[in-house]
Amino acid sequence: MKRIGVDLDGVVVRPPLGLNITISRRLDLPVLAADGTIEGTDPRLRSLVRSWLEYGRYALRRPMPGVCEAFAQLAQVREVHVISARSHAGLASTERWLEKHGLLTHVNAIHLKPHGVRPPYFKTWTLQRLGIPEHVDDDGATAHYLASNAGITVYLCDWPGNRGLPYPEKVHVVPDLAAVATRLSF
């Protein structure tokens, strides 16, 4: 079965007050090294304070509308890998959130970002390392980077902050995760 990467915040998890203000529009990021290395990472960085911070940031958020059904439908046609810019220190609280909302059973693996790595680089490295050709995201800059520099097909969830950018052909703007699941089911 083919694999797909799915971002969390703005795709699966509703942003605070329904406002997705953290979307980046920066399209001029330098290209990741050809050997896939990312400098300045320390995967051992897991502090108790950081994990509590991650819990506090995300624990009370609700899923986006229709996400439970979309996840179930998507899991029938793709192996689902959560690939998020959330800190790796919050892995346990992310798993609990997915379990609480009935989504964890549809997830094959969760990949969270180590400290100090920009989200587009982490997602590129993770998707390439795992051989995942498709990804669902809400960030315009990340979508542009993945499609332009890694050849990844990106389904970009439509938010006001990511509209109007010059996206490559491999970026497909969709209303939400349910639209991706429906599109890939046929």
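Please go through region 98-127 and pick out each residue that is free of Cβ contacts under 8 Å to residues at least 12 places away in the same chain and among the basic types (Lys, Arg).
Lys100
Quick one: in region 114-125, which of the residues that are surrounded by fewer than 20 Cβ atoms within 10 Å (Cβ to Cβ) and touching a His at 6+ places or on another chain (Cβ under 9 Å) is farthest from Phe71 (Cα to Cα)?
This residue is His115.
Under 7 Å between Cβ atoms, which residue pairs at least 6 apart in sequence (or on different chains) link something in region 1-20 that is crowded, with 19+ Cβ neighbours inside 10 Å with a partner that is at pLDDT below 85 and assigned to a loop (DSSP other than H, G, I, E, B)?
Asp9/Pro15; Gly10/Asn20; Val13/Arg61
With the requirement that a residue be over 17 Å from Val82 (Cβ atoms) and of a type in the set (A, V, I, L, M), what does region 110-142 give you? Spell out the reasoning first.
Narrowing region 110-142 to residues over 17 Å from Val82 (Cβ atoms): 115-116, 118, 121, 140-141.
Within region 110-142, just Ala141 meets the criteria.
Would you mind stating whether Gly40 is modelled with pLDDT of 95 or more, in a loop (DSSP other than H, G, I, E, B) and either of a type outside the set (Phe, Trp, Tyr) or more than 15 Å from the chain's Cα centre (by Cα) (or both)? Working first, answer last.
Details: modelled with pLDDT of 95 or more: no; in a loop (DSSP other than H, G, I, E, B): yes; either of a type outside the set (Phe, Trp, Tyr) or more than 15 Å from the chain's Cα centre (by Cα) (or both): yes.
When the stated conditions are applied, Gly40 does not pass them.
Restricting the search to region 140-158, which residues are in contact (Cβ under 8 Å) with a residue 24 or more places away in the chain and part of a helix (DSSP H, G or I)? Even if it seems obvious, please write down each step before you answer.
Of region 140-158, the ones in contact (Cβ under 8 Å) with a residue 24 or more places away in the chain are 140-147, 149-150, 152, 155, 157.
Hits for region 140-158 are Gly140, Ala141, Thr142, Ala143, His144, Tyr145, Leu146, Ala147, Asn149, Ala150.
Considering only residues that are of a type outside the set (A, V, I, L, M, F, W, C) and assigned to a helix (DSSP H, G or I), which ones fall in region 84-115?
The first filter runs over region 84-115 and keeps only residues of a type outside the set (A, V, I, L, M, F, W, C), leaving 84, 86-88, 90, 93-96, 99-102, 105-106, 108, 111, 113-115.
His88, Gly90, Ser93, Thr94, Glu95, Arg96, Glu99, Lys100, Thr105, His106, listed by residue number.
Filter region 62-87 for residues that are in contact with a Lys or Arg (Cβ under 9 Å, 6 or more places away or on another chain) and among the charged types (D, E, K, R); which is farthest from Thr105 (Cα to Cα)?
Arg86
Could you check region 1-21 and list, in sequence order, the residues that are at pLDDT below 60 and among the β-branched types (Val, Ile, Thr)?
Hit for region 1-21 is Ile21, nothing else.
If you go through region 74-104 one residue at a time, how many are of a type in the set (S, T, N, Q), over 19 Å from Arg14 (Cβ atoms) and crowded, with 19+ Cβ neighbours inside 10 Å? Walk me through how you get there before you give the answer.
Step one: filter region 74-104 for residues of a type in the set (S, T, N, Q), giving 76, 84, 87, 93-94.
Subsequent filtering for residues that are over 19 Å from Arg14 (Cβ atoms) retains 76, 87.
Right, trim to crowded, with 19+ Cβ neighbours inside 10 Å and you get 87.
Residues meeting the conditions: 1.
Out of curiosity, is Gly161 of a type in the set (Gly, Ala, Ser) and either within 23 Å of Met1 (Cβ to Cβ) or part of a loop (DSSP other than H, G, I, E, B) (or both)?
no
The values are calculated or read from the model by the stated rules, or taken from the named source; none is laboratory data. Bear in mind that the values here come from a model prediction, so they are computed numbers and not experimental data. As a convention, Cβ positions derive from the backbone with ideal geometry for all residues, glycine included, and neighbour counts pool all protein chains shown.
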